[in-house]
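K.L.:
First the structure, then my questions, so here it is.
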Amino acid sequence: MQEKNIGIFDSGIGGVTVLREIIKILPNENYIYYSDSKNNPYGDKKAEEIIDRCEEISKFLVEKNCKAIVIACNTASAVASKRLREKYKDILIFAIEPAYKMVYDYAYNKNTLVMATKGTIKSEKFNLLFHKYNNHKTKLLECVGLADIIEEGNAKKIKKYLQENIGQYKDNVENIVLGCTHYPLIKKEIIQVIGNNVNFFDGANRLAIHLKDVLEENELISKKAEKGKVKFIDSSRSEEKEKRFFEFLNK
Ligand code: DGL
């Protein structure tokens, strides 16, 4: 029987930060990564538009023989995961969320900055999480346009953006929640602007552990002994994206 895949998608290559964590835990699976760069950013789009894109991508991944789908995008997870689970009842769907509960668990009494897209911060799903675990020392920052310039890979623009938008938190924030899967790619640049005394939180590792547990429960773990393959598909067919994706993946 043909080996099944795990499908994973984001609005671009940011979800590589999630796939990296998953591969550490599930190295023998085959993955199909779908980067929807033709339609990014998702963060500023209307909910219905994001849901349409996610439905289309999920349909594609189901047709590509996937046994599970990972939404490696906080915005799409916040807005579309419920609808996808309703629509694709026969497939396991995993969603990521900003690691705000981790702050509650490990660093509750510290000043916290949550960086995420407008779509995530405005979503009902994130607001439920935020109000449940609110440490009353948290600033929510809608990072409009940041995922876009990370996607573009423009170092100068990233530096300028961070100076203008998070420079004011230098030395007065101790926790940073990276609530968009693109942001772990610029940790170094964030530290350069904000200083070294910060702890970063993101949801990728927890999602990877959960994925493994659920695949095991459902007896869906790959039985093969050798390392799996990663296939990359980009909706704008960008070779440049593919190159950067694999650079980040293999870092
Ligand atoms: N990487 C996505 C996230 O985690 C969003 C980027 C975008 O706005 O497209 O939210």
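K.L.:
Normalised by the empirical 2.2 N^0.38 Å for globular proteins, what value does the Cα Rg of the chain take?
P.N.:
Details: Rg = 17.5 Å, N = 251, 2.2 N^0.38 = 18.0 Å.
Dividing the Cα Rg of the chain by 2.2 N^0.38 Å gives 0.98.
K.L.:
I would also like to ask the following. Using the charge dipole of region 1-139 (Lys, Arg: +1 at Cβ; Asp, Glu: -1 at Cβ; taken about the Cα centre), state which of 135, 74, 103 has its Cα farthest towards the positive end.
P.N.:
Of the options given, the answer is 135.
K.L.:
Mind checking the log10 I(q)/I(0) for region 153-251 at q = 0.13, 0.17, 0.19, 0.20 Å⁻¹? Debye, one equal scatterer per Cα, no solvent, two decimals.
P.N.:
-0.70, -0.98, -1.08, -1.12
K.L.:
Okay, moving on. Where in region 36-76 is the amide nitrogen less than 14 Å from a point lying 7 Å along the Cα-to-Cβ axis of residue 85?
P.N.:
Counting only backbone N, you get 69-71.
K.L.:
So, one more: Treat every Asp and Glu Cβ in the chain as -1 and every Lys and Arg Cβ as +1, leave all other atoms uncharged, and give the resulting dipole magnitude about the Cα centre to the nearest 20 debye.
P.N.:
On the way: 42 positive and 36 negative charges, 61 e Å.
So the dipole magnitude of the chain works out to roughly 300 debye.
K.L.:
Using modelled backbone amide H atoms (1.01 Å from N, in-plane), which distant-in-sequence or interchain residues come within less than 5 Å of residue 29's amide H?
P.N.:
228
K.L.:
Report the charge-dipole magnitude of region 157-225 in Debye, nearest 20, computed about the Cα centre from +1 at each Lys and Arg Cβ and -1 at each Asp and Glu Cβ. Let's see the in-between values first.
P.N.:
Working: 10 positive and 9 negative charges, 86 e Å.
The dipole magnitude comes to about 420 debye.
K.L.:
Something else now. For a label point 7 Å from the Cα of residue 111 along Cα→C-beta, name the residues of region 158-198 whose backbone N is under 17 Å from it.
P.N.:
163-177, 191-198
K.L.:
Something else: When the accessible area of the chain is split by element with a 1.4 Å probe, what percent falls to carbon and sulfur?
P.N.:
Values: 6010 of 12540 Å².
Summing carbon and sulfur atoms, their accessible area is 48 percent of the total for the chain.
K.L.:
Order of 105-115, 17-27 by packing, highest average Cβ count within 10 Å first?
P.N.:
Working: 105-115: 17.3, 17-27: 19.2.
The most tightly packed comes first, giving 17-27, 105-115.
K.L.:
To the nearest µm²/s, what D does Stokes-Einstein give for region 1-62 at 4 °C and 1.567 mPa s, using the Kirkwood radius over alpha carbon pairs as Rh? Write down the numbers at each step before the final one.
P.N.:
Working: Rh = 12.7 Å.
Roughly 102 µm²/s, to the nearest whole number.
K.L.:
So who's got an amide H within less than 5 Å of the one on residue 70, skipping anything under 5 residues away but keeping other chains? H placed 1.01 Å off N, in plane.
P.N.:
Distant-sequence amide H within range of residue 70: 7, 8, 9, 94.
K.L.:
Distances over 15 Å make up what percent of all Cα-Cα pairs in region 148-211?
P.N.:
Numbers: 1069 of 2016 pairs.
Result: 53 percent of Cα pairs exceed 15 Å.
K.L.:
Hey, another quick one. May I ask you to give the average projected area over all directions of the convex hull of the Cα atoms of region 1-112, in nm² rounded to one decimal?
P.N.:
Values: hull surface 33.3 nm².
Projected over every direction and averaged, the Cα hull of region 1-112 covers 8.3 nm².
K.L.:
Extent of region 202-251 along each principal axis, from alpha carbon coordinates, in Å, largest to smallest?
P.N.:
38, 29, 23
K.L.:
With θ taken as phi - 60° and the coefficients 6.51, -1.76 and 1.60, list the Karplus ³J(HN,Hα) couplings across region 102-108 in order, rounded to whole Hz; mark glycine and proline as x.
P.N.:
Couplings: 4, 5, 4, 6, 10, 8, 4 Hz.
K.L.:
Related question: Students often check this: by mean Cβ neighbours within 10 Å, which of 179-188, 5-14 ranks highest, and how do the rest follow? Each step should come with its number before you reach the end.
P.N.:
Working: 179-188: 22.6, 5-14: 27.9.
Ranking the peptides 179-188, 5-14 by packing returns 5-14, 179-188.
K.L.:
Next question. Can you show me the helix-derived [θ] at 222 nm for the chain, built from DSSP H runs with n ≥ 4 at -39,500 (n - 2.57) apiece and divided by the number of residues, rounded to the nearest 500. Please list the in-between numbers first.
P.N.:
Numbers: 11 runs with 115 residues, N = 251.
Theoretical 222 nm ellipticity from helices: -13500 deg cm²/dmol.
K.L.:
If I take the Cα coordinates of region 93-178 and project them onto the principal axes, what are the three extents in Å, biggest first?
P.N.:
The Cα atoms of region 93-178 stretch 37, 37, 18 Å along the principal axes, largest first.
K.L.:
Of 150, 26, 43, which is farthest on the positive side of the dipole of the chain, counting Cα position, with +1 on Lys and Arg Cβ, -1 on Asp and Glu Cβ, and the Cα centre as origin?
P.N.:
Projecting each Cα onto the dipole axis, the largest value belongs to 150.
The values are calculated or read from the model by the stated rules, or taken from the named source; none is laboratory data. Keep in mind it's a predicted model, so treat the numbers as computed, not measured. Heads up, the Cβs are rebuilt from the backbone with ideal geometry, glycines too, and the neighbour counts pull from every protein chain shown. Each accessible area value is taken on the protein alone, full model and side chains, heavy atoms only, with ligands, DNA and RNA left out. Shrake-Rupley method; radii C 1.70, N 1.55, O 1.52, S 1.80 Å.
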